[in-house]
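The values are calculated or read from the model by the stated rules, or taken from the named source; none is laboratory data. Given the structure is predicted, the values throughout are model-derived calculations rather than measurements. Glycine also receives a Cβ, built like all others from the backbone with ideal geometry; neighbour counts cover every protein chain displayed. Just so you know, the surface numbers come from the protein's heavy atoms only, side chains and all, with ligands and any DNA or RNA stripped out. Shrake-Rupley method; radii C 1.70, N 1.55, O 1.52, S 1.80 Å.
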Amino acid sequence: MTKQVTLSIDGKVVSVPEGTLIVNAAKKAGIDIPVFCYHPKMEPVGMCRMCLVEIGRPLIDRATGELVREADGSPKIQFSPKLETACTTPVSEGMVVLGASEKAKAGREDILEFLLTSHPLDCPVCDKGGECPLQNLTMGFGPGQSRYLYDEKMHLAKQVPLGELIFLDRERCIQCGRCVRFQSEIVGDNVIGFYQRGRALEIISYSEPGFDSFFSGNTTDICPVGALTTTDFRFGARPWELNAAASICSHCPVGCNITINVRREAVSDGKWVVKRIMPRQNEAVNEIWICDKGRFAHHYTASPERLSTPLVRKDGKLIEAGWDEALDLAAGRFRDAGNDLLTLASGRLSNEDLFNLYHLTSSIGGKAILYSHMGGGDLTAQVGVGMGTNFADMGRETAIIIIASDLEEEAPIWYLRVKLAAQRGAQLIVINPRQTKLDRYAHRVLRYAYGKESAIILAMINAISAKKLAQTENMGKYVRNADIKQTARMIAEAENTVVLFGSEGLGLEGSQSLAQACANLLLVTGHIERANNGLIGVWPRANDQGAWDVGFRPAADLKKAMQSAKALYIAAADPAGDFPDLAETADFMVVQDLFLTATARLADVVFPAQSFTERQGSFTSGERRVQRFYPAVPSLDDCLPDFTISARVAKRMGIDQEEIHAGKVMDRIAASYPHYREISYTKLSQVNEQWPIVGRNDLYYGGTTYENSQGLGMQLLPGLQPALSELPPYDVGMPEGKLWAVPINRLYDRGQTMLPSKLLHQRIPHPYIVINSDEAEKLGIIEGDTVEMILEGVSSLVTANLDNGVPQGILLVPRSMGIPIAAPTSVTVKNVDKLLA
């Protein structure tokens, strides 16, 4: 255990681990020392001097090395002649700290007076008013009046767009450096920085587009003044007008804890509206950070294009109908279809929604299909990470493998946490056909050809396992590779190993094969059933793991499955919009969604569903942590939760389902699935103390992040171990001489939960491909050309981007960009600009 040090802070005796900074020791003891530049997630710099304290240390006799004692036998304390910064000074045995002395108070008053010399007096119109550390600390420690003349104040630009998402007020900036240090230390992207010196010092953006980062919004949370504000919240509301609701981000498998701030507005006809999304502390999940997609993409929930009433097809047209009419029609046709009912749902839905849908379908013998291009969820349920897994605890003893995933684009907060783990000493191994940003932090980087993902993992198993797998031609060169052998030994010798596998360049069959290979590796090396060991899927949606857990499975041939069904029940999926060849419908189709999608336009019945902001439910993250979210605003018009809609359909079919309380649906899940047996809404709502201590009671220490008072969630135990599989590695077969399109994933896509958020439109690219410059030269393509790409018989106009990191013969095609691609396939490309010329 770490050695404990005992000291006194303002008369209170405190024991903390050796090396603890005074400011943190005081925080743990419930004593507040004011700070501006210090933040518990970043290295101390002592720039602002607001944390000045008197420090006394036991006097040591230089001759004997013994403590000098007072007459009563207590150690004699010698105070430094000058005040010291509590944020840079570690504790020592017997130290005496005075933070409330007159000398310390005078020092803080001086610091505040200096900070306010050029600070504008615009608190009444400042967005930070009401949650401003400078405002609060000035009231608590500042001078009653200023000795400086107004004419001597620096007057600077007040509305400087660092990018389209973040505005800077240069007059308000106190040059604490938190934003710059966050981008440098936490994110690793130095896209903003200091410019000029002295009183002329200011923050500027170095990137194009401005402030080009997935994490820019976090700087507004940790800014101790109103210098940085978000475009969608500035001048929109005052913090004291807002109500807060705990929720879970619905965009990726991380499961970030968030708080939704809402208020009732006259401009919205008195309706409750979402004003902003804020991070909510969960040190095991997202710590106190969220990505910009999670922060800014919520606007789709208030889109005027939302469905608000049921629709029924009559005389070839969809017209508005009542719930009873629509439900009766759907239930009757589903009953008639019997085991020819196919339910297609995506991981956008909650566990409760998916359970009711699966139960309805299985009760009449139908098929429940997960709308996904990625397999392996059955394996993550068996060899998923052990209970207590936390990236923050991973260091030198842990190997972290990232394969077939550009983690920053697919799960940005996992990217941050893996990066920081690598900087703490974790052995990061990045395995991908092309360079990703995570490569710069990796201990080892291995390359493979697209389509050979599982082969490289199985080659590692052969390098360390006594039982050799049968070698195939596909594995040959990897088995003989010295770097792969050394990497395999590193993994085998590591105390802990976590594998995160994705779907870059893979379809359903390939990702399932990769998951099996990764599971084999973990089984061979014994890295299972313990904290910080196991398999994690980098899923395309927030609750894909939950869908696998309740019984949904992707279809190897979705088109064939849909065509063979007599009735389709499609929820939170748009197959016709993503793949035109899936537009051929069954005899009867029901669509349940937020918007009138391409698939919904073909339906016979359309049910309007509530968004995640309007209801409660739960998601199961990629780490198999079940977390609860709460309603923030009233339901839009006549919309209902997905689980309620399916329950009402089921009731008309004579099937018993819970339709009112999501918590009771979770009780049924717990009773139906052994690995969920300990889960209940009560347990999901439990919290415990976290470090660092952040919250709305102390805005200067940790920022405006919300404390977690409504649930940290529960991690599921892995299930039964799978047997080692000796299936040959999947090989998509990409013969040379052809051009192959392989799918990649992008954070900012053109999906229906992104496009309605107009604020992000500058970050959402038009459809594009990425091609090697040598390959482009053969095709007569230059950077920025418009090219026609023919993929699976479907023609798409896309922009060509050139990148020499892309292998020869390969086109990178992003998913969810309006281009129908789920797996690697051959492709034909024509230069439209050249033809027109």
Next item on the list: Multiply the residue gap between Ser362 and Asp637 by 0.36 nm, knock off their C-alpha separation, and tell me the result in nm, one decimal place.
Entry: 95.9 nm
Checklist line | Sulfur and carbon atoms: percent of accessible area, region 4-100 [1.4 Å] | finding: 51
Checklist line | For peptides 41-48, 712-719, 498-505, 70-77, sequence by mean Cβ density within 10 Å, most packed first | finding: 498-505, 712-719, 41-48, 70-77
Next item on the list: Rank these residues by their accessible area, most exposed first, probe 1.4 Å: Asp336, Asp667.
Entry: Asp336, Asp667
Notebook entry, point to check: Using 1/(1 + (r/R0)^6) with R0 = 22 angstrom and r between the beta carbons of Lys12 and Ala71, what's the FRET efficiency to the nearest 0.05?
Noted result: 0.35
Next item on the list: Quick one: work out the % antiparallel among DSSP beta bridges in region 4-100, nearest 5.
Entry: 90
Notebook entry, point to check: When we measure straight from the Cα of Lys27, which aspartates and glutamates land under 12 angstrom away, once same-chain ones fewer than 8 places off are left out?
Noted result: Asp698
Next item on the list: Arrange the residues Ser363, Ser92 by how much accessible surface each exposes, largest first, with a 1.4 angstrom probe.
Entry: Ser363, Ser92
Item checked: Amide H within-cut-off set for Gly386, under 5 Å, with H built and near neighbours excluded -> Glu529, Arg530, Asn532, Asn533
Note to self: Would any residue of region 384-402 have its amide N under 19 Å from a label point 7 Å out along Cα→Cβ of Arg447? List them or say none.
What the structure shows: 402
Next item on the list: Extending each Cα 7 Å along its Cβ direction at Ser826 and Arg335, get the distance between those two points in nm, one decimal.
Entry: 5.1
Check: Can you give the net charge of the other residues whose Cβ lies under 13 Å from the Cβ of Thr436, counting K and R as +1 and D and E as -1?
Finding: -1
Item checked: Between helix 453-464 and the chain: long-axis angle, C-alpha atoms, 0 to 90°, nearest 10 -> 70
Check: In the neighborhood of Gly65, defined by Cβ-to-Cβ distances under 15 Å, what is the net charge if each Lys or Arg adds +1 and each Asp or Glu adds -1?
Finding: +1
Next item on the list: Any chance you could give the angle, 0 to 90 degrees and rounded to 10, that helix 102-115 forms with the longest Cα principal axis of the chain?
Entry: 60
Notebook entry, point to check: Residue by residue through region 186-201, which ³J(HN,Hα) values in whole Hz follow from phi under the Karplus form 6.51 cos²θ - 1.76 cosθ + 1.60 (θ = phi - 60°), with glycine and proline marked x?
Noted result: 7, 8, x, 10, 7, 8, 10, x, 7, 9, 6, 9, x, 5, 8, 4
Next item on the list: Show His766, His675 ordered by accessible area, largest first, where the area counts protein heavy atoms only and the probe is 1.4 Å.
Entry: His766, His675
Next item on the list: Can you work out the accessible area per residue across the chain, with the rest of the protein chains kept in place, probe 1.4 Å, in square angstrom?
Entry: 39
Notebook entry, point to check: Amide H to amide H under 5 Å from Tyr768: which residues, 5+ apart in sequence or cross-chain, H placed 1.01 Å off N in plane?
Noted result: Thr799
Note to self: Can you compute the equivalent ellipsoid semi-axes for region 739-836, i.e. the square root of 5 times each eigenvalue of the Cα gyration tensor, sorted largest first and rounded to whole Å?
What the structure shows: 22, 14, 13
Checklist line | Share, in percent, of DSSP beta bridges within the chain that are antiparallel, nearest 5 | finding: 60
Check: By how many nm would the segment from Gln4 to Lys477 lengthen if fully extended, with 0.36 nm per residue of separation less the alpha-carbon distance?
Finding: 165.0 nm
Note to self: Just to verify a number: what accessible area does Leu791 come out at with the full protein assembly present, 1.4 Å probe, Å² rounded to tens?
What the structure shows: 0
Item checked: Top positive-direction residue, dipole computed over the chain with Cβ charges, set Leu349, Ser826, Gly388 -> Gly388
Next item on the list: For region 9-20, take each phi angle, set θ = phi - 60°, evaluate the Karplus expression 6.51 cos²θ - 1.76 cosθ + 1.60, and give the result in whole Hz per residue in order, putting x for glycine and proline.
Entry: 10, 6, x, 9, 7, 10, 10, 9, x, 4, x, 5
Next item on the list: Using only Cα atoms, locate the centre of region 275-335 and the centre of region 381-399, then give the distance between them in Å, rounded to an integer.
Entry: 34
Notebook entry, point to check: If you average the sequence gap of Cα pairs under 8 Å that are 6 or more apart and divide by the length of the chain, what percent do you get for the contact order?
Noted result: 13
Margin query: Heavy atoms of the protein only, probe of 1.4 Å, neighbouring chains included. What is the accessible area of Asp406 in Å², nearest 10?
Written below: 10
Check: Is the shape of region 377-538 rounded, prolate or oblate, going by the alpha carbon gyration tensor and its root eigenvalues a ≥ b ≥ c, with a/c under 1.5 for rounded and a/b larger than b/c for prolate?
Finding: rounded
Next item on the list: Treating cross-link reach as a plain straight distance, find the lysines whose alpha-carbon is under 23 Å from the alpha-carbon of Lys651, omitting any fewer than eight places away in the same chain.
Entry: Lys367, Lys566, Lys664
Note to self: Within region 90-114, name every residue whose backbone N is under 14 Å away from a label modeled 7 Å from Cα of Gln145 along the Cβ vector.
What the structure shows: none
Next item on the list: Would you calculate, for the chain, the mean residue ellipticity at 222 nm contributed by helices, counting each DSSP H stretch of 4 or more residues as -39,500 (n - 2.57) and dividing by all residues, to the nearest 500?
Entry: -6500 deg cm²/dmol
Next item on the list: Sticking with the crude label model, points 7 Å out along Cα→Cβ, report the distance from Glu93 to Arg396 in nm, one decimal please.
Entry: 2.5
Check: How much length is gained if the chain between Glu241 and Glu788 is pulled fully straight, taking 0.36 nm per residue apart and subtracting their Cα-Cα distance, in nm to one decimal?
Finding: 191.8 nm
Note to self: Test of understanding: express the Cα radius of gyration of region 4-100 as a ratio to 2.2 N^0.38 Å, with N the residue count.
What the structure shows: 1.10
Margin query: Could you give each residue of region 301-314 its phi-based ³J(HN,Hα) in whole Hz, using Karplus coefficients 6.51, -1.76, 1.60 with θ = phi - 60°, and x for Gly or Pro?
Written below: 5, 10, 5, x, 7, 4, 5, 10, 8, x, 10, 10, 7, 9
Check: Considering only the other residues whose Cβ falls under 14 Å of the Cβ of Gln486, what net charge follows from Lys and Arg at +1 and Asp and Glu at -1?
Finding: +2
Notebook entry, point to check: Could you give the distance between the Cα centres of region 786-830 and region 549-601, to the whole Å?
Noted result: 24
Next item on the list: Express the Stokes-Einstein translational diffusion coefficient of the chain in µm² s⁻¹, to the nearest whole number, given a Kirkwood radius over alpha-carbon pairs, 37 °C and a viscosity of 0.692 mPa s.
Entry: 113
Margin query: Give me, ordered by chain and number, the residues 5 or more places off Tyr569 or on other chains with an amide H under 5 Å from its own placed amide H.
Written below: Leu342, Thr343, Leu344, Val590
Note to self: Longer than 21 Å from Cα to Cα, which of Lys41/Lys103; Lys437/Lys830; Lys419/Lys477; Lys128/Lys275; Lys12/Lys105 are they? Say none if no pair is.
What the structure shows: Lys41/Lys103; Lys437/Lys830; Lys419/Lys477
Margin query: I'd like the accessible area for Thr682, computed on protein heavy atoms only with a 1.4 Å probe and all protein chains in place. Round to 10 Å², please.
Written below: 110
Next item on the list: Could you pull out every one of the lysines with an alpha carbon less than 17 Å from that of Lys271, ignoring same-chain neighbours closer than 8 positions?
Entry: none
Next item on the list: Report relative contact order for region 533-640 in percent, whole number only (criteria: Cα-Cα under 8 Å, sequence separation at least 6).
Entry: 24
Margin query: Within region 143-165, list the residues whose amide N lies under 15 Å from a label point set 7 Å along Cα→Cβ of His761.
Written below: 164-165
Checklist line | C-alpha center-to-center spacing [region 475-518, region 634-680] in angstrom | finding: 39
Margin query: Need one number: nm distance between label points at Lys559 and Leu779, each 7 Å from Cα along Cα→Cβ, rounded to one decimal.
Written below: 2.2
